[in-house]
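Working notes for the structure below.
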Amino acid sequence: MTSLPENPPLPISEDARDTAVQRLQEAYAEGHISHEEMDEGLNQVLTAKTHSELASALASLPEQDAGTTSTIAAAGGRIKRRGTWRVPRTLKVASAFGRVYLDLSRAVIEHPVVDIELQLGTGKAAITVPRDAIVDVENLHTGWKDTLYKPRRSSRPGGPRIRISGSMGFGRLKIRHARR
């Protein structure tokens, strides 16, 4: 019996690299790191092959205050994020009656761990995560329907960890990994 070939980790997007370079430059300009530390960090960022290598290059930087927590809320209607967008460290999503669609497959994820806190009443929710992401739904409480999620058979190192928590009333959450 032969095993399936493992897919290589997704390449780091240019947006993610540019954001990492910008963070290093800002830390240097604010006096948080020395010139040598910035040079070493830039080398790590520009040669990183996985998201974990990119995150380790930024690990010594002070935590960003602005943009680390974001809230998206709507009483009804749709909440939709897709394409290239910057994912904060903590994302809070609240919707009483609408649909929620979050596509993280092409998003800029700067943090090794992203917390998504859902507070949903009725309506459907769908989250597409990067192919190499590790998803944790243990702290998500559903009221009526179960969460639809099949973990990947083999998780490759280097992807972000997406922790989904919160509560859902009468809707259903569907989580899937991106194909590319």
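Show me the helices (runs of 4 or more DSSP H) entirely contained within the stretch 10-76 in which 3 or more residues are under 30 Å from residue 118 (Cβ atoms).
Result: 14-29, 51-58.
Tell me, yes or no, whether the stretch 95-103 has at least one residue that is of a type in the set (Gly, Ala, Ser), open to solvent by 50 Å² or more (accessible area, probe 1.4 Å) and in a loop (DSSP other than H, G, I, E, B).
Checked the stretch 95-103: no residue is of a type in the set (Gly, Ala, Ser), open to solvent by 50 Å² or more (accessible area, probe 1.4 Å) and in a loop (DSSP other than H, G, I, E, B).
Here is a yes/no grid of residues against (1) closer than 20 Å to residue 32 by Cβ; (2) touching an Asp or Glu at 6+ places or on another chain (Cβ under 9 Å); (3) not β-branched (Val, Ile, Thr):
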{"residue": "45", "(1), (2), (3)": "yes, yes, no"}
{"residue": "51", "(1), (2), (3)": "no, yes, yes"}
{"residue": "57", "(1), (2), (3)": "yes, yes, yes"}
{"residue": "75", "(1), (2), (3)": "no, no, yes"}
{"residue": "86", "(1), (2), (3)": "no, yes, yes"}
{"residue": "90", "(1), (2), (3)": "no, yes, no"}
{"residue": "98", "(1), (2), (3)": "no, no, yes"}
{"residue": "105", "(1), (2), (3)": "no, no, yes"}
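Which of the residues belonging to the stretch 106-122 are open to solvent by 30 Å² or more (accessible area, probe 1.4 Å), under 18 Å from residue 80 (Cβ atoms) and assigned to a loop (DSSP other than H, G, I, E, B)?
Within the stretch 106-122, 106, 122 meet the criteria.
Taking residue 79 as the residue in question, decide whether it is in a loop (DSSP other than H, G, I, E, B), open to solvent by less than 30 Å² (accessible area, probe 1.4 Å) and either modelled with pLDDT of 90 or more or hydrophobic (A, V, I, L, M, F, W, C) (or both).
Criteria not met by residue 79.
Out of the residues in the stretch 17-39 meeting the condition of being among the charged types (D, E, K, R) and open to solvent by 30 Å² or more (accessible area, probe 1.4 Å), tell me which one is nearest to residue 60 (Cα to Cα).
Among them, the one singled out is 37.
Which count do you get for residues in the stretch 73-108 that are over 21 Å from residue 27 (Cα atoms) and either touching a Leu at 6+ places or on another chain (Cβ under 7 Å) or free of Cβ contacts under 8 Å to residues at least 12 places away in the same chain (or both)?
Total satisfying the criteria: 4.
So which of 69, 50, 84 is modelled with pLDDT under 85 and open to solvent by 70 Å² or more (accessible area, probe 1.4 Å)?
Step by step, each of 69, 50, 84 is checked, and only 69 is modelled with pLDDT under 85 and open to solvent by 70 Å² or more (accessible area, probe 1.4 Å).
Mind checking which residues of the stretch 130-163 are modelled with pLDDT of 75 or more, open to solvent by 60 Å² or more (accessible area, probe 1.4 Å) and among the basic types (Lys, Arg)?
150, 161, 163 - these are the residues of the stretch 130-163 that are modelled with pLDDT of 75 or more, open to solvent by 60 Å² or more (accessible area, probe 1.4 Å) and among the basic types (Lys, Arg).
Determine which member of the set 143, 166, 159, 171 is on the phi > 0 side of the Ramachandran plot and of a type outside the set (D, E, K, R).
One residue alone meets the criteria, 166.
The values are calculated or read from the model by the stated rules, or taken from the named source; none is laboratory data. If you're wondering where the values come from, they're calculated on a predicted model, not measured in any experiment. Quick reminder, even Gly has a Cβ in these numbers, built from the backbone with ideal geometry, and neighbours come from all protein chains shown. The accessibility values were calculated without ligands, DNA or RNA, using every heavy atom of the protein model including side chains. Shrake-Rupley method; radii C 1.70, N 1.55, O 1.52, S 1.80 Å.
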